[in-house]
Amino acid sequence: MSERQLNRLGAWGGLGYIALMMTAWIVFWQTNVFTTFGETPDSDAPADQIVAFYSEHRTTQLMAGCVWAAALAPLGLFLSRLYTALKSAEEGHGTGATAYLFGAFAFLAAPILWVTGVFGVSFRVGELHPSVTQYNHDLFLLPIVTCAPLWVLMFGGIALVILVTGRGVFPRWLGILALVAAPCQFLYFGALFDPSGIWWSSNQGILVAGVAYGSQLGWIVAACVVWLRSSSAVARTPDLVPSGV
């Protein structure tokens with residue numbers, strides 16, 4: 001496959017991840033957006049409330065976990081293609097691409113642990129002690145906070161390649177966008193001290209769900225669009241035929 005085709009494949013992987021992840025999050029898990037399946041408990045909800053909700057909506061929540069797990073495949077495709085592009089752009093230096101790679105591992109590990117929490121809180125709900133169910137519910141939050149500094153490294157590595165060490169892998173504005181997204185990931189720390197309201201609440205999580213998470217998804221969407229547009233532009237460009245042929 002050509003580089004253009006691989007870029008398109010990576011772009012569709014990134015967009016496929018976002019589509020599946022948002023389906024799992026909004027339609028099944030974060031159901032208070034539509035209130036179709038009830039209101040998902042906040043991160044600081046008492047154990048009894050958590051048990052009651054997941055007992056009533058066990059099947060729906062297990063579906064959320066399955067869809068979320070399926071999203072990991074296109075995410076891995078996107079991240080691997082992005083690593084190849086960044087490494088190639090650095091022409092042997094590899095510092096930014098390697099920094100990105102460490103962060104990309106965490107970018108995969110966090111949703112794996114998140115999905116494990118979704119399965120854990122629903123799989124044996126009602127059979128386990130409420131404190132165990134509450135701990136599984138905490139797994140929605142704790143791994144995310146732990147991975148946040150590595151996400152800073154991930155977006156910092158992307159910015160380094162685009163703006164300093166690389167050669168034309170992406171337009172400079174995507175490097176600036178990555179540079180903005182990097183420090184936003186530190187906002188996840190606030191959810192440890194106040195796991196509700198503007199930090200983490202299902203309805204009002206502006207700082208975490210909006211700014212930190214939104215900056216991640218915004219960069220992925222922008223990168224995918226750039227890949228698709230550039231590959232389409234190349235495909236529309238006719239081959240140059242030497243004069244006299």
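The values are calculated or read from the model by the stated rules, or taken from the named source; none is laboratory data. Note that the structure is predicted; figures quoted are calculated from it, not measured. Glycine gets a Cβ as well: all are built from the backbone with ideal geometry, and neighbour counts include every protein chain shown. Side chains included, ligands, DNA and RNA excluded: accessible areas come from the protein's heavy atoms. Shrake-Rupley method; radii C 1.70, N 1.55, O 1.52, S 1.80 Å.
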Taking first residues from region 2-23 that are at pLDDT below 95 and second residues anywhere that are open to solvent by 60 Å² or more (accessible area, probe 1.4 Å), the pairs with Cβ under 6 Å that are 6 or more apart or on different chains are ARG4/VAL234
Identify, by number, the condition in (1) in contact with a His (Cβ under 9 Å, 6 or more places away or on another chain); (2) open to solvent by 60 Å² or more (accessible area, probe 1.4 Å) that HIS129 doesn't meet.
(1)
Please enumerate the residues belonging to region 91-150 that are within 19 Å of THR40 (Cα to Cα) and among the small types (Gly, Ala, Ser).
GLY117, GLY120, SER122, GLY126, SER131
Test: residue in region 92-105 that is open to solvent by less than 60 Å² (accessible area, probe 1.4 Å) and within 30 Å of MET63 (Cβ to Cβ):
yes
Tally, over region 85-125, of residues that are basic (Lys, Arg) and part of a helix (DSSP H, G or I)
1
Go through region 81-96 residue by residue and tally those that are within 18 Å of GLY13 (Cβ to Cβ) and in contact with a helix residue (DSSP H, G or I) (Cβ under 6 Å, 6 or more places away or on another chain).
4
Cβ-Cβ under 7 Å pairs, at least 6 apart or on other chains, region 46-69 side within 8 Å of SER122 (Cα to Cα) and at pLDDT below 85, far side surrounded by fewer than 16 Cβ atoms within 10 Å (Cβ to Cβ) and of a type in the set (A, V, I, L, M):
none
